[in-house]
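The values are calculated or read from the model by the stated rules, or taken from the named source; none is laboratory data. Computed from a predicted structure; not experimentally measured. A quick note on method: Cβ atoms are made from the backbone with ideal geometry, for glycine too, and the neighbour counts reach across all protein chains shown.
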Amino acid sequence: MTAKFTLTGARLDVEEASIRLTEVLYPPAGAVSVTKSDDAASEDAASWRLEAYFEDAPDLAAIGDALGGVGGLSPPVLETLPDIDWVAHALAGLGIVRAGRFVLYGSHDAHRLPGDDGDVPIRIEANQAFGTGHHPTTAGCLELLDRLAGVAPERILDLGTGSAVLAIAAAKVWDRDVIATDIDARSVEIARENIALNGCAGRIEVILADGFGDGRIAAAGPFDFIFANILAGPLIELAPAMAAHAAAKARVLIAGLMADQEGDVTRAYEASGFQRLNRLDHATWPVLLFFKP
(Lines give C-alpha, C1' and ligand atoms only; values in the text may rest on other atoms or scores of the structure.)
Protein backbone atom coordinates (compact mmCIF):
# COMPACT_ATOMS: atom_id res chain seq x y z
CA MET A 1 0.00 0.00 0.00
CA THR A 2 1.26 3.48 -0.76
CA ALA A 3 -1.36 5.85 0.63
CA LYS A 4 -3.15 6.25 3.97
CA PHE A 5 -6.36 8.22 4.39
CA THR A 6 -7.45 9.26 7.90
CA LEU A 7 -10.48 11.01 9.38
CA THR A 8 -12.22 11.18 12.74
CA GLY A 9 -15.78 11.77 13.88
CA ALA A 10 -18.75 10.32 15.74
CA ARG A 11 -19.23 6.56 15.61
CA LEU A 12 -22.18 6.40 13.20
CA ASP A 13 -20.59 8.92 10.83
CA VAL A 14 -17.28 7.07 10.76
CA GLU A 15 -19.00 3.71 10.20
CA GLU A 16 -20.97 5.21 7.31
CA ALA A 17 -17.73 6.62 5.87
CA SER A 18 -16.06 3.19 6.08
CA ILE A 19 -18.91 1.58 4.14
CA ARG A 20 -18.80 4.22 1.43
CA LEU A 21 -15.03 3.97 1.05
CA THR A 22 -15.12 0.20 0.60
CA GLU A 23 -18.28 0.05 -1.50
CA VAL A 24 -18.22 3.22 -3.62
CA LEU A 25 -14.65 4.16 -4.48
CA TYR A 26 -12.86 2.33 -7.27
CA PRO A 27 -10.25 1.01 -6.94
CA PRO A 28 -11.51 0.31 -3.43
CA ALA A 29 -9.47 0.65 -0.26
CA GLY A 30 -7.34 -2.40 0.42
CA ALA A 31 -8.04 -2.20 4.15
CA VAL A 32 -10.23 -0.05 6.35
CA SER A 33 -10.02 0.02 10.15
CA VAL A 34 -12.33 1.85 12.55
CA THR A 35 -11.20 2.29 16.16
CA LYS A 36 -12.40 4.23 19.21
CA SER A 37 -10.20 6.51 21.25
CA ASP A 38 -9.46 5.13 24.72
CA ASP A 39 -10.69 8.34 26.31
CA ALA A 40 -14.03 8.43 24.44
CA ALA A 41 -16.73 9.80 26.68
CA SER A 42 -19.50 7.90 24.88
CA GLU A 43 -20.30 5.84 21.81
CA ASP A 44 -21.50 8.99 20.05
CA ALA A 45 -18.52 11.17 20.94
CA ALA A 46 -16.48 12.54 18.04
CA SER A 47 -13.55 10.32 19.00
CA TRP A 48 -13.68 7.53 16.43
CA ARG A 49 -10.89 7.18 13.89
CA LEU A 50 -11.03 5.72 10.38
CA GLU A 51 -7.86 4.68 8.55
CA ALA A 52 -8.03 3.45 4.95
CA TYR A 53 -5.09 2.15 2.95
CA PHE A 54 -4.86 2.34 -0.84
CA GLU A 55 -2.52 0.81 -3.41
CA ASP A 56 -2.54 4.09 -5.31
CA ALA A 57 -3.30 7.46 -3.78
CA PRO A 58 -7.02 8.19 -4.31
CA ASP A 59 -8.34 11.49 -5.60
CA LEU A 60 -9.45 13.59 -2.63
CA ALA A 61 -12.23 15.03 -4.77
CA ALA A 62 -13.51 11.48 -5.39
CA ILE A 63 -13.37 10.80 -1.65
CA GLY A 64 -15.31 13.99 -1.05
CA ASP A 65 -17.99 12.86 -3.49
CA ALA A 66 -18.15 9.41 -1.86
CA LEU A 67 -18.58 10.93 1.59
CA GLY A 68 -21.07 13.59 0.51
CA GLY A 69 -23.86 13.97 3.02
CA VAL A 70 -21.97 12.37 5.91
CA GLY A 71 -21.68 15.05 8.57
CA GLY A 72 -19.58 15.33 11.69
CA LEU A 73 -16.28 14.27 10.13
CA SER A 74 -12.91 15.94 10.45
CA PRO A 75 -11.13 17.20 7.30
CA PRO A 76 -9.51 14.16 5.64
CA VAL A 77 -5.75 13.64 5.77
CA LEU A 78 -3.91 11.81 2.97
CA GLU A 79 -0.37 10.52 3.53
CA THR A 80 2.17 8.77 1.30
CA LEU A 81 3.59 5.66 2.97
CA PRO A 82 6.55 3.32 2.53
CA ASP A 83 5.87 0.18 0.52
CA ILE A 84 5.04 -2.44 3.17
CA ASP A 85 1.99 -4.67 3.72
CA TRP A 86 -0.33 -2.05 5.19
CA VAL A 87 -3.30 -4.46 5.15
CA ALA A 88 -1.57 -6.61 7.75
CA HIS A 89 -0.40 -3.50 9.60
CA ALA A 90 -3.93 -2.10 9.78
CA LEU A 91 -5.38 -5.36 11.12
CA ALA A 92 -2.60 -6.56 13.40
CA GLY A 93 -3.42 -4.24 16.28
CA LEU A 94 -7.17 -4.84 16.42
CA GLY A 95 -6.95 -7.44 19.19
CA ILE A 96 -8.87 -10.54 20.20
CA VAL A 97 -12.45 -11.03 18.98
CA ARG A 98 -15.02 -13.15 20.85
CA ALA A 99 -18.12 -14.33 19.00
CA GLY A 100 -20.11 -16.86 20.98
CA ARG A 101 -17.70 -19.60 22.04
CA PHE A 102 -15.23 -18.66 19.29
CA VAL A 103 -12.16 -16.59 20.18
CA LEU A 104 -10.24 -15.20 17.21
CA TYR A 105 -6.68 -14.01 17.66
CA GLY A 106 -3.40 -13.37 15.86
CA SER A 107 0.06 -14.52 16.91
CA HIS A 108 0.67 -11.10 18.49
CA ASP A 109 -2.28 -11.73 20.88
CA ALA A 110 -1.65 -15.39 21.73
CA HIS A 111 -0.36 -14.48 25.19
CA ARG A 112 -3.64 -12.69 25.95
CA LEU A 113 -6.02 -15.61 25.26
CA PRO A 114 -8.46 -15.99 28.16
CA GLY A 115 -8.33 -19.81 28.17
CA ASP A 116 -11.90 -20.26 29.42
CA ASP A 117 -13.39 -23.76 29.37
CA GLY A 118 -15.57 -24.19 26.31
CA ASP A 119 -13.73 -21.59 24.21
CA VAL A 120 -12.89 -22.52 20.63
CA PRO A 121 -9.70 -20.58 19.75
CA ILE A 122 -9.07 -19.78 16.09
CA ARG A 123 -5.79 -18.23 14.99
CA ILE A 124 -6.25 -15.89 12.03
CA GLU A 125 -3.28 -13.80 10.99
CA ALA A 126 -3.80 -10.30 9.60
CA ASN A 127 -3.39 -10.46 5.82
CA GLN A 128 -5.11 -9.70 2.54
CA ALA A 129 -8.00 -12.17 2.86
CA PHE A 130 -11.35 -11.10 4.29
CA GLY A 131 -12.31 -12.57 7.64
CA THR A 132 -10.31 -11.64 10.74
CA GLY A 133 -13.53 -11.55 12.77
CA HIS A 134 -13.47 -7.80 13.33
CA HIS A 135 -16.07 -7.16 10.64
CA PRO A 136 -19.69 -7.56 11.84
CA THR A 137 -20.50 -10.06 9.07
CA THR A 138 -17.83 -12.54 10.19
CA ALA A 139 -18.58 -12.07 13.88
CA GLY A 140 -22.31 -12.40 13.18
CA CYS A 141 -21.87 -15.66 11.29
CA LEU A 142 -19.83 -17.06 14.17
CA GLU A 143 -22.47 -16.01 16.72
CA LEU A 144 -25.23 -17.77 14.78
CA LEU A 145 -22.99 -20.82 14.24
CA ASP A 146 -22.48 -21.01 18.00
CA ARG A 147 -26.26 -21.13 18.51
CA LEU A 148 -26.59 -23.91 15.93
CA ALA A 149 -23.64 -25.97 17.08
CA GLY A 150 -25.76 -28.62 18.79
CA VAL A 151 -26.94 -30.06 15.46
CA ALA A 152 -23.96 -31.23 13.40
CA PRO A 153 -24.45 -31.48 9.62
CA GLU A 154 -22.63 -34.12 7.60
CA ARG A 155 -21.67 -32.12 4.48
CA ILE A 156 -20.55 -28.52 4.85
CA LEU A 157 -19.64 -25.87 2.28
CA ASP A 158 -18.02 -22.48 2.94
CA LEU A 159 -18.60 -20.51 -0.27
CA GLY A 160 -16.30 -17.50 -0.57
CA THR A 161 -14.15 -18.62 2.34
CA GLY A 162 -11.70 -15.69 2.46
CA SER A 163 -9.46 -16.37 5.45
CA ALA A 164 -11.28 -19.72 6.05
CA VAL A 165 -12.39 -18.61 9.51
CA LEU A 166 -15.93 -20.00 9.11
CA ALA A 167 -14.68 -23.27 7.65
CA ILE A 168 -12.23 -23.64 10.55
CA ALA A 169 -14.95 -22.85 13.09
CA ALA A 170 -17.28 -25.44 11.56
CA ALA A 171 -14.57 -28.11 11.41
CA LYS A 172 -13.65 -27.51 15.05
CA VAL A 173 -17.10 -27.29 16.61
CA TRP A 174 -18.68 -30.07 14.53
CA ASP A 175 -15.63 -32.30 13.91
CA ARG A 176 -16.68 -32.66 10.26
CA ASP A 177 -14.99 -32.33 6.87
CA VAL A 178 -15.59 -29.03 5.06
CA ILE A 179 -15.31 -27.89 1.45
CA ALA A 180 -14.15 -24.26 1.24
CA THR A 181 -14.04 -22.23 -1.99
CA ASP A 182 -12.96 -18.79 -3.09
CA ILE A 183 -12.78 -16.95 -6.41
CA ASP A 184 -9.47 -15.28 -5.46
CA ALA A 185 -6.23 -17.26 -5.76
CA ARG A 186 -4.46 -15.30 -3.02
CA SER A 187 -7.35 -15.93 -0.62
CA VAL A 188 -7.12 -19.65 -1.36
CA GLU A 189 -3.41 -19.59 -0.42
CA ILE A 190 -4.11 -17.68 2.79
CA ALA A 191 -7.04 -19.96 3.66
CA ARG A 192 -4.77 -23.01 3.40
CA GLU A 193 -2.18 -21.33 5.62
CA ASN A 194 -4.78 -20.53 8.29
CA ILE A 195 -6.23 -24.04 8.10
CA ALA A 196 -2.78 -25.50 8.76
CA LEU A 197 -2.18 -23.07 11.64
CA ASN A 198 -5.37 -24.34 13.29
CA GLY A 199 -4.64 -28.03 12.84
CA CYS A 200 -7.48 -28.54 10.36
CA ALA A 201 -5.53 -29.50 7.24
CA GLY A 202 -7.02 -32.99 7.24
CA ARG A 203 -10.55 -31.66 7.62
CA ILE A 204 -10.87 -28.81 5.10
CA GLU A 205 -10.34 -28.91 1.33
CA VAL A 206 -9.93 -25.48 -0.31
CA ILE A 207 -10.92 -25.08 -3.98
CA LEU A 208 -10.33 -22.12 -6.30
CA ALA A 209 -13.73 -21.66 -7.93
CA ASP A 210 -16.19 -19.07 -9.20
CA GLY A 211 -19.39 -19.85 -7.34
CA PHE A 212 -20.22 -23.52 -7.81
CA GLY A 213 -18.13 -23.75 -10.98
CA ASP A 214 -15.97 -26.72 -10.05
CA GLY A 215 -17.01 -30.35 -10.37
CA ARG A 216 -15.53 -31.21 -6.99
CA ILE A 217 -18.15 -29.05 -5.30
CA ALA A 218 -21.07 -30.93 -6.82
CA ALA A 219 -19.34 -34.25 -6.13
CA ALA A 220 -19.05 -33.40 -2.43
CA GLY A 221 -22.71 -32.35 -2.14
CA PRO A 222 -25.55 -31.95 -1.74
CA PHE A 223 -24.70 -29.98 1.37
CA ASP A 224 -26.51 -29.96 4.69
CA PHE A 225 -24.99 -26.60 5.70
CA ILE A 226 -23.69 -23.75 3.52
CA PHE A 227 -21.93 -20.57 4.58
CA ALA A 228 -21.86 -17.66 2.12
CA ASN A 229 -20.37 -14.47 3.55
CA ILE A 230 -19.89 -12.54 0.31
CA LEU A 231 -21.87 -9.59 -1.14
CA ALA A 232 -25.55 -9.00 -1.92
CA GLY A 233 -25.16 -9.13 -5.72
CA PRO A 234 -23.46 -12.55 -5.82
CA LEU A 235 -25.77 -13.85 -3.09
CA ILE A 236 -28.81 -13.02 -5.21
CA GLU A 237 -27.23 -14.38 -8.39
CA LEU A 238 -26.26 -17.64 -6.68
CA ALA A 239 -29.62 -18.31 -4.99
CA PRO A 240 -30.85 -20.86 -7.58
CA ALA A 241 -27.49 -22.67 -7.59
CA MET A 242 -27.50 -22.60 -3.79
CA ALA A 243 -30.83 -24.41 -3.84
CA ALA A 244 -29.54 -26.93 -6.39
CA HIS A 245 -26.55 -27.81 -4.21
CA ALA A 246 -28.43 -27.84 -0.88
CA ALA A 247 -29.82 -31.08 0.50
CA ALA A 248 -33.36 -31.36 1.83
CA LYS A 249 -33.54 -29.72 5.28
CA ALA A 250 -30.27 -27.89 4.63
CA ARG A 251 -29.48 -24.64 6.39
CA VAL A 252 -27.85 -21.75 4.53
CA LEU A 253 -26.16 -18.98 6.52
CA ILE A 254 -25.60 -15.86 4.45
CA ALA A 255 -23.97 -12.50 5.17
CA GLY A 256 -22.23 -9.63 3.42
CA LEU A 257 -25.51 -7.94 2.50
CA MET A 258 -26.35 -4.52 3.89
CA ALA A 259 -29.59 -3.75 5.70
CA ASP A 260 -31.13 -1.95 2.73
CA GLN A 261 -30.38 -4.99 0.52
CA GLU A 262 -32.03 -7.51 2.84
CA GLY A 263 -35.40 -7.45 1.12
CA ASP A 264 -33.96 -8.22 -2.32
CA VAL A 265 -31.78 -11.03 -0.95
CA THR A 266 -34.64 -12.55 1.03
CA ARG A 267 -36.95 -12.50 -2.00
CA ALA A 268 -34.30 -14.22 -4.14
CA TYR A 269 -33.89 -17.06 -1.64
CA GLU A 270 -37.60 -17.49 -1.03
CA ALA A 271 -38.13 -17.62 -4.81
CA SER A 272 -35.53 -20.43 -4.92
CA GLY A 273 -37.49 -22.46 -2.38
CA PHE A 274 -35.87 -21.45 0.91
CA GLN A 275 -37.63 -20.31 4.09
CA ARG A 276 -36.05 -17.77 6.42
CA LEU A 277 -35.35 -19.43 9.74
CA ASN A 278 -33.43 -16.84 11.74
CA ARG A 279 -31.87 -13.38 11.59
CA LEU A 280 -29.06 -11.77 13.54
CA ASP A 281 -29.89 -8.09 13.75
CA HIS A 282 -27.34 -5.40 12.96
CA ALA A 283 -27.96 -1.78 11.96
CA THR A 284 -25.86 -2.20 8.81
CA TRP A 285 -24.86 -5.86 8.33
CA PRO A 286 -27.64 -8.37 9.17
CA VAL A 287 -26.93 -12.10 9.01
CA LEU A 288 -29.65 -14.41 7.67
CA LEU A 289 -30.27 -18.13 8.13
CA PHE A 290 -32.42 -19.95 5.55
CA PHE A 291 -33.84 -23.48 5.55
CA LYS A 292 -34.60 -25.71 2.57
CA PRO A 293 -37.78 -27.73 3.24
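Which of the residues that make up segment 184-194 are of a type in the set (A, V, I, L, M, F, W, C) and either modelled with pLDDT of 95 or more or closer than 11 Å to T161 by Cα (or both)? Within segment 184-194, V188, I190, A191 meet the criteria.
Would you confirm whether any residue within segment 130-140 is polar (S, T, N, Q), over 21 Å from V265 (Cβ atoms) and in a helix (DSSP H, G or I)? No: segment 130-140 contains no residue that is polar (S, T, N, Q), over 21 Å from V265 (Cβ atoms) and in a helix (DSSP H, G or I). Right, E154: in a loop (DSSP other than H, G, I, E, B) and in contact with a Gly (Cβ under 6 Å, 6 or more places away or on another chain) or not? No: the conditions fail for E154.
Quick one: which of T161, T181 is surrounded by 22 or more Cβ atoms within 10 Å (Cβ to Cβ), of a type in the set (S, T, Y), touching a strand residue (DSSP E or B) at 6+ places or on another chain (Cβ under 6 Å) and modelled with pLDDT of 95 or more? Break it down stepwise before answering.
Details: T161 fails: modelled with pLDDT of 95 or more.
Step by step, each of T161, T181 is checked, and only T181 is surrounded by 22 or more Cβ atoms within 10 Å (Cβ to Cβ), of a type in the set (S, T, Y), touching a strand residue (DSSP E or B) at 6+ places or on another chain (Cβ under 6 Å) and modelled with pLDDT of 95 or more.
Please work out which residue is farthest from A248 (Cα to Cα), limiting yourself to segment 200-226 and to residues that are among the aliphatic types (A, V, I, L, M) and without any contact (Cβ under 8 Å) to a residue 24 or more places away in the chain. Steps first, answer last, please.
From segment 200-226, those among the aliphatic types (A, V, I, L, M) are 201, 204, 206-209, 217-220, 226; that's our starting set.
In the following step, the residues that additionally are without any contact (Cβ under 8 Å) to a residue 24 or more places away in the chain were identified as 201, 219.
Working: A201: 28, A219: 16 Å.
Here the residue is A201.
Residues in segment 214-242 that are among the small types (G, A, S) and under 22 Å from the mean Cα position of the chain (by Cα): A228, A232, G233, A239, A241.
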